[in-house]
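Student: Okay, handing you the structure first.
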Amino acid sequence: MNISRRDAFKWGLGASGMLMLPWTFPEKALAQTAPPDDNDTTTTFTPFQVALPISPVLSPVQRTSTTDYYYIVLQKTQMPIQGLAATGVPTNVWSYTGITNRGLLPAVIPGPTIRQQIGRQSVVRFVNCLGNLAENDIPTTDKQKWPIGEPINAVIHLHGMASLPQYDGYTVDYIQPYYYKDYHYPNDRPATFWYHDHALDRTRRNVAMGMAGIYVVYDQFELDNLPSGNYDIPLVFQSYPDPAGATAYNGYTLVNGVYQARLQVKPRKYRFRLLNATATQTLYLSLLQTDATSRAYPGPVITVIGTDGGLVEKPVTTTELRIGMGERYEILIDFSQYYLADATNNFVFLITNNQDASNGDGGSTTPLLLFEITTPDNEDQLVIPNTLRPFKALPTSGVRRVRQFVFDFTPKADVPPVSDPNASTEQCIPNQTQIATINGKRWDTQRVDADPGLGDIEIWSLVNKTALIHPIHIHLLDFQMLSRNGQPPLPYEQNWKDIFLLGPYDEIEIIGQLGPNRGKYMMHCHNLLHEDCAMMTQFEVGQGGPDPCSAPAQPLTPEDCRNLGIEDLCPKSVHTEILEGS
Ligand SMILES: [Cu+2]
């Protein structure tokens, strides 16, 4: 392949700049275009062979003039995880499975995507059919952590949504097995949200077993001005057990449930909604262009058009995008810029540099996804506006209070006891002699650590006293970052966000206006190992807000099971009642 001098500079290289890929390039695999056989149980693994799955958009079971109603059932199932070393071998997973008026949908991981128009409310009924923890549910390394036979309690948090306290997924507001709960969501601003488990001390396990899904709220501006439909694609990064069940959850970084998948794209603009749903892994994403001769051309920039809080004002370009656990970034890739008319094949890799000291990978590079640019079809007439969504900085002159939250590992003996009897059975980091703390304290349902007034503007100082990364998630509202270690935030962080990535020993200042709801909300580290190890606190906005546990889950009746078409997932006792009642 020839590369012109002008193109070389466009990609940020000298004219002679050409790199060998830092991994073995599977030319044979790239030459294959046939889809994999669904029944293939081969144990050989060929990267970038499996087509990237895109979880289906869930249809509501009912629509009124104001509200859309959805059903999702939590179930144990087995899935042949594609792309792993033992491709096709069934793996035990816990899925969010959609139910429509046509019945139970096939299980998918990540869960089905919910797409809501701004201003329309939604009610999502989550039905817990997970039952009790079984011997073979979880990887060997985790078996000693939770009692086999315990009920698998679920909690649903719609991450980023300003839900009322009783619908926010408070960590002990359980949906017990064979109970259901209706969660009400206002959908009052357009952004990429995600729904995931939030059960006390079991969030890492429950999310890593598969319980995560994308939830999009959109407005007309986005439909009119940004790639939509088939060109608006969620990319969910997850890590879950390998088929052998012998390793921890972080063995593989999957994209939409597949390890090293391939996505065929047109040479046109695409919008990708990136979500880091891994339990403990920070991703450092960049793009690499290659051809079929194993040469690589670094340089395709990532254009960031959105953060946790939705679209940015002006698109920001970066060669590397750091995305912590729980964070969302929306990016735009114009593949027409990277389409090489004279090349046999056109490939762009999405890669991550494993430079996170906390996972000990130190400097290696892993390709996560392959974009294969296919022939042009001249259909992309979209011109991206210069201004996407106006951003207004909150005035520091209006600040009512400055608070500091220190994130640290504290010797167990120094941590005050808590009144929550069941808290923190998870093994702690770095070992069991320490607890992950906020201001020296561990999570306690009975304690409130901040009490801002409704509507108050506050500055929160987030301080990391450890050498590990802590992505700090604040429920209910978005904040804006004022500074990172006394310096301006990274360009792509300068927007509304609900997660702030605290690097080792970082100090971040953020500003937010507490609201729009009254009540108790959580703040915690989104490294789920740390969260489960008590690095969580709660603040209470205003006074007199609803109790987070004031809308408890309801038991499933035999009629519910029948109406939902999930009799096979309901327990025997419910079956008996059905038989006796009919
Ligand atoms: Cu942490």
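The values are calculated or read from the model by the stated rules, or taken from the named source; none is laboratory data. What you see is a predicted model, and the numbers here were worked out from it, not measured in a lab. So basically every Cβ, Gly included, is an ideal-geometry build from the backbone, and we count neighbours across all protein chains shown. Calculation scope for accessible area: heavy atoms of the full protein, side chains included, ligands and nucleic acids excluded. Shrake-Rupley method; radii C 1.70, N 1.55, O 1.52, S 1.80 Å.
Student: Checking the structure you have, find out if any residue of segment 464-472 is in contact with a strand residue (DSSP E or B) (Cβ under 8 Å, 6 or more places away or on another chain), away from the ligand (no atom under 12 Å from the Cβ) and of a type in the set (A, V, I, L, M, F, W, C).
Tutor: No, segment 464-472 contains no residue that is in contact with a strand residue (DSSP E or B) (Cβ under 8 Å, 6 or more places away or on another chain), away from the ligand (no atom under 12 Å from the Cβ) and of a type in the set (A, V, I, L, M, F, W, C).
Student: Taking the residues in segment 506-520 that are assigned to a strand (DSSP E or B) and open to solvent by less than 10 Å² (accessible area, probe 1.4 Å) as candidates, determine which candidate is farthest from Val448 (Cα to Cα). Break it down stepwise before answering.
Tutor: Of segment 506-520, the ones assigned to a strand (DSSP E or B) are 507-513, 519-520.
Going one step further and asking which of them are open to solvent by less than 10 Å² (accessible area, probe 1.4 Å), we end up with 508, 510-512, 519.
Numbers: Ile508: 22, Ile510: 20, Ile511: 20, Gly512: 19, Gly519: 11 Å.
Top of the filtered list is Ile508.
Student: A further question follows. Answer yes or no: is there a residue in segment 446-453 that is outside the structural domain of Leu311 (by TED's automatic domain parsing), open to solvent by 20 Å² or more (accessible area, probe 1.4 Å) and within 25 Å of the chain's Cα centre (by Cα). Talk me through it step by step, then tell me what you get.
Tutor: Here is the first cut: in segment 446-453, the ones outside the structural domain of Leu311 (by TED's automatic domain parsing) are 446-453.
Applying the additional criterion that residues be open to solvent by 20 Å² or more (accessible area, probe 1.4 Å) yields 446-449, 451, 453.
Those left that are additionally within 25 Å of the chain's Cα centre (by Cα): none.
No.
Student: Pairs needed: first member in segment 454-477, open to solvent by 20 Å² or more (accessible area, probe 1.4 Å); second member anywhere, charged (D, E, K, R) and within 14 Å of the ligand (Cβ to nearest atom); C-beta distance under 8 Å; at least 6 residues apart or different chains.
Tutor: Hits for this filter: Lys465/Asp408.
Student: Return the residues of segment 532-544 that are near the ligand (Cβ under 9 Å from one of its atoms) and either more than 15 Å from Phe405 (Cα to Cα) or open to solvent by 10 Å² or more (accessible area, probe 1.4 Å) (or both); say none if nothing qualifies. Spell out the reasoning first.
Tutor: Taking segment 532-544 first, the residues near the ligand (Cβ under 9 Å from one of its atoms) are 533, 535.
Answer for segment 532-544, where residues must be near the ligand (Cβ under 9 Å from one of its atoms) and either more than 15 Å from Phe405 (Cα to Cα) or open to solvent by 10 Å² or more (accessible area, probe 1.4 Å) (or both): just Cys533.
Student: Here is a follow-up. (1) modelled with pLDDT under 90; (2) open to solvent by 20 Å² or more (accessible area, probe 1.4 Å); (3) of a type in the set (S, T, N, Q): which one isn't true of Gln264, the others all being true?
Tutor: Of the numbered conditions (1) modelled with pLDDT under 90; (2) open to solvent by 20 Å² or more (accessible area, probe 1.4 Å); (3) of a type in the set (S, T, N, Q), the odd one out for Gln264 is (1).
Student: What pairs come out if I take residues in segment 179-202 that are touching a residue at least 60 places away in the same chain (Cβ under 8 Å) and pair them with residues that are acidic (Asp, Glu) and open to solvent by 10 Å² or more (accessible area, probe 1.4 Å) whose C-beta lies under 6 Å away, six or more apart or interchain?
Tutor: Pairs found: Pro190/Asp219.
Student: Given the residues Gln289, Gln281, which is the only one that is assigned to a strand (DSSP E or B), polar (S, T, N, Q) and at pLDDT below 95?
Tutor: On the way: Gln281 fails: assigned to a strand (DSSP E or B).
Among Gln289, Gln281, only Gln289 is assigned to a strand (DSSP E or B), polar (S, T, N, Q) and at pLDDT below 95.
Student: Within segment 395-415, can you find the residues that are charged (D, E, K, R) and away from the ligand (no atom under 16 Å from the Cβ)? Talk me through it step by step, then tell me what you get.
Tutor: Within segment 395-415, the subset charged (D, E, K, R) is 400-401, 403, 408, 412, 414.
Hits for segment 395-415 are Arg400, Arg401, Arg403, Lys412, Asp414.
Student: Mind checking whether some residue in segment 483-498 is outside the structural domain of His198 (by TED's automatic domain parsing), touching a residue at least 60 places away in the same chain (Cβ under 8 Å), within 16 Å of the ligand (Cβ to nearest atom) and open to solvent by less than 10 Å² (accessible area, probe 1.4 Å)? Don't jump to the end; show me each part of the working.
Tutor: Let us first name the residues in segment 483-498 that are outside the structural domain of His198 (by TED's automatic domain parsing), namely 483-498.
Filter again for touching a residue at least 60 places away in the same chain (Cβ under 8 Å), leaving 490-498.
Pick out the ones that are also within 16 Å of the ligand (Cβ to nearest atom) and you get 498.
Keeping just the survivors that are open to solvent by less than 10 Å² (accessible area, probe 1.4 Å) gives 498.
Within segment 483-498 (the criterion being outside the structural domain of His198 (by TED's automatic domain parsing), touching a residue at least 60 places away in the same chain (Cβ under 8 Å), within 16 Å of the ligand (Cβ to nearest atom) and open to solvent by less than 10 Å² (accessible area, probe 1.4 Å)), the answer is yes, since at least one residue qualifies.
Student: Can you say whether Leu388 is at pLDDT 90 or above and within 13 Å of the ligand (Cβ to nearest atom), as far as the supplied structure shows?
Tutor: Working: at pLDDT 90 or above: yes; within 13 Å of the ligand (Cβ to nearest atom): no.
Considered against the rule, which asks whether it is at pLDDT 90 or above and within 13 Å of the ligand (Cβ to nearest atom), Leu388 comes out as no.
Student: Taking Met523 and the conditions (1) in a loop (DSSP other than H, G, I, E, B); (2) within 16 Å of the ligand (Cβ to nearest atom); (3) of a type outside the set (Ser, Thr, Tyr); (4) at pLDDT 95 or above, which numbered condition does it fall short on, given that it satisfies the others?
Tutor: That leaves (1) as the condition not met.
Student: I'm trying to understand the selection: among the residues of segment 174-230, which are closer than 19 Å to Ala277 by Cβ and assigned to a helix (DSSP H, G or I)?
Tutor: If the condition is that a residue be closer than 19 Å to Ala277 by Cβ and assigned to a helix (DSSP H, G or I), then Thr203, Arg204, Arg205, Asn206, Val207, Ala208 are the ones that fit.
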